[in-house]
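Notes to accompany the following structure.
The values are calculated or read from the model by the stated rules, or taken from the named source; none is laboratory data. Only a predicted model underlies this, so the values are computations on that prediction, with no experimental measurement involved. Ideal geometry is used to build each Cβ from the backbone, glycine not excepted, and the neighbour counts take in all protein chains shown. The protein model used for the area step is the full one, side chains on, heavy atoms only, and it has no ligands, DNA or RNA in it. Shrake-Rupley method; radii C 1.70, N 1.55, O 1.52, S 1.80 Å.
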Amino acid sequence: MATPLEYATERKAEILNELIAFARIPSVSTDPAYLQGIAAGAEWVAERMRRAGLENIEVNPTAGHPVVTCDWLHAEGAPTILIYGHYDVQPPDPLEKWKSQPFEPEVRDNRLYARGVSDDKGPMLIPIKTAEAYLKTLGRLPINVKFVIEGDEERGSAPLGAFVAGRAAQLKADFVLSADGAMWRPDEPSITVANRGLAALEFTVTGAAKDLHSGRHGGGIHNPLAAIARLAASLHDDQGRVAVAGFYDGVRPPSNTARRSLADLPFSEEKYFEMIGAPEGYGEAGYSLLERQWLRPTLELNGLGGGYLGPGSKTVIPTTATAKITCRLVPDQDPDQVVEVISRHLREHCPKGVTLEIAPGDHGSKAYAVPDDHPGLALAERVLAEVYNKASLRVRMGATVPIGLIFRDAIQAETVFFSFSTADEDYHAPNEFFRLQRLEDGMKAWIRYWELLGQEGI
């Protein structure tokens, strides 16, 4: 009889083909135009759970998109883990930047290119196929598992919070093992142990009630594009520090220990800028690049515009201009309070001659860190050392994964991130990809993790 790993290895082409089929589904959560894709994505996940031999499979409606759940709970005396992932993906825009169609997966240079293939469809498929590998060979799992696969991660996971709170008894587990949350670099095995929080808002400035001819009306009214540019520029000082009063309230300086741990990491700022195609760095003075990305809060403009942007020129003063903002937060920052102080700043600095409208984002999240001594974290490090023949790094994530606090608050379980995507795989950007080798590495690691957890417990 084949072992679970042998089963998975023999079927690596089949697993890749399943991932290709999954990536064809346009399960974009943020755009209502993709609702059919979201429904198809949820059903695809449920069907793969059935094929794997998992039990009690449900596609659960929520206030947002469906949450797919299942379990297998027959390993008496063994630990129970809750496995998390998400089937929703980012919008594919801008389409013209893709070298292949975002929902027509293409293999090039041992990489699979498609929207969502790295975040999070490839990593999320791995634990389902791990369960299948055990159940089709040994007929059982070495541990008890529960799966929660959501469809709202890319818009903040707000419906998931209510869902988990309402199902707390059903979802109770020793800890959460997340298939989401990328490794830092492709050449260094790593585990993310902390992530920043998130606050979001957008604002619109309005001038006249309609677009106006810039020759006839120019010089007589305030142009909303000029007004919004002035407002946007007021959000930071010349040294890159956020200039919003109250933004840093409660923010503690990074500890010397935390700063030393980042300084000890094998990291070259020069190579980083080369990789992303930037001439040099910029940001809050007094901190290194990694400190600014992992230990300090930020305020970023994600979109800014209005008026005519097509070919040629159009002599128009637009009626409105709009900007979108997200902030990444550190411990002790509250998303609602951050939105409040930014909103106050915008009102106080709004130029004359335009009106201002502010729309807070529909989600926010505080920062999260897994305890340093968590046994699930130690086991993950041990498994990665086996798979890659080198010790793994503990790193932080500048981005936001809300699930850590969701599960801690609702079921008192910590979250260990065990993803096999890497931060350079262009998720959230055109030409997203997932390395085929990472699909194999992930299968090997998840199978081994379950095996050791079943043998040794926690």
- Message: Please report the spacing between the Cα centers of the range 283-340 and the range 1-25 in Å, no decimals.
- Response: 41
- At a Förster radius of 35 Å, what calculated FRET efficiency corresponds to the Cβ-Cβ distance of Glu300 and Met1, to the nearest 0.05? 0.05
- Message: Counting only helical runs of four or more DSSP H residues, what would the 222 nm mean residue ellipticity of the chain come to if each run contributes -39,500 (n - 2.57) and the total is spread over all its residues?
- Response: -10500 deg cm²/dmol
- Message: Under the 0.36 nm per residue contour assumption, what length would be gained going from the current alpha-carbon distance of Ala169 and Glu348 to full extension?
- Response: 59.7 nm
- In whole angstrom, how far apart do the alpha carbon centroids of the range 56-106 and the range 182-218 sit? 25
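Ranked from highest to lowest mean number of other Cβ atoms within 10 Å per residue, what is the order of the peptides 20-31, 81-92, 447-458? Write down the numbers at each step before the final one.
Working: 20-31: 20.7, 81-92: 25.7, 447-458: 18.2.
Highest to lowest by the protection proxy: 81-92, 20-31, 447-458.
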- Work out, in µm²/s and without decimals, the Stokes-Einstein translational diffusion coefficient of the range 210-316 at 25 °C, 0.890 mPa s, Rh from Kirkwood over C-alpha pairs. 139
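Top to bottom by accessible area (1.4 Å), largest first, where do Lys271, Lys136 land? Mind dumping the intermediate values first?
Details: Lys271 145, Lys136 110 Å².
Ranked list, largest accessible area first: Lys271, Lys136.
What order do you get for 50-61, 403-414 when each peptide is scored by the mean count of other beta carbon atoms within 10 Å, highest first? Display every interim value, and only then the final one.
Working: 50-61: 15.2, 403-414: 20.2.
Packing proxy ranking, top to bottom: 403-414, 50-61.
Just subtract the alpha-carbon distance of Ala162 and Ala243 from 0.36 nm times their residue separation and send over the number in nm, one decimal. Don't jump to the answer; show the numbers that get you there.
Details: separation 81, 0.36 × 81 = 29.16 nm, distance 3.47 nm.
Taking 0.36 nm per residue and subtracting the Cα distance, the gain is 25.7 nm.
Between Glu270 and Ala63, what length in nm is gained on full extension when 0.36 nm per residue of separation is reduced by their alpha carbon distance?
Values: separation 207, 0.36 × 207 = 74.52 nm, distance 4.52 nm.
Full-extension gain reported as 70.0 nm.
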- Taking a 23 Å limit on the Cα-Cα distance, which of the listed pairs Lys97/Lys121; Lys12/Lys136; Lys146/Lys366; Lys97/Lys324; Lys172/Lys444 fall beyond it? Lys146/Lys366; Lys172/Lys444
- Query: What is the list of residues in the range 130-160 whose amide nitrogen lies under 14 Å from a point 7 angstrom out from the Cα of Asp409, following Cα to Cβ?
  - Reply: 156-160
- Query: By how many degrees, between 0 and 90 and to the nearest 10, does the Cα long axis of helix 224-233 differ from the longest principal axis of the chain?
  - Reply: 60
- Measuring from the longest principal axis of the C-alpha atoms of the chain, the long axis of helix 375-388 (C-alpha) lies at a number of degrees, nearest 10, equal to 80
- Message: Compute the helix-to-body angle for 436-456: its Cα long axis versus the longest principal axis of the chain, expressed 0 to 90° and rounded to tens.
- Response: 60
- Of the labelled options (i) 1.18; (ii) 1.04; (iii) 1.23, which one gives Cα Rg over 2.2 N^0.38 Å as computed for this structure? (ii)
- Task: With label points built 7 Å along Cα→Cβ from the Cα atoms of Asn110 and Arg252, find their separation and express it in nm.
- Result: 4.4
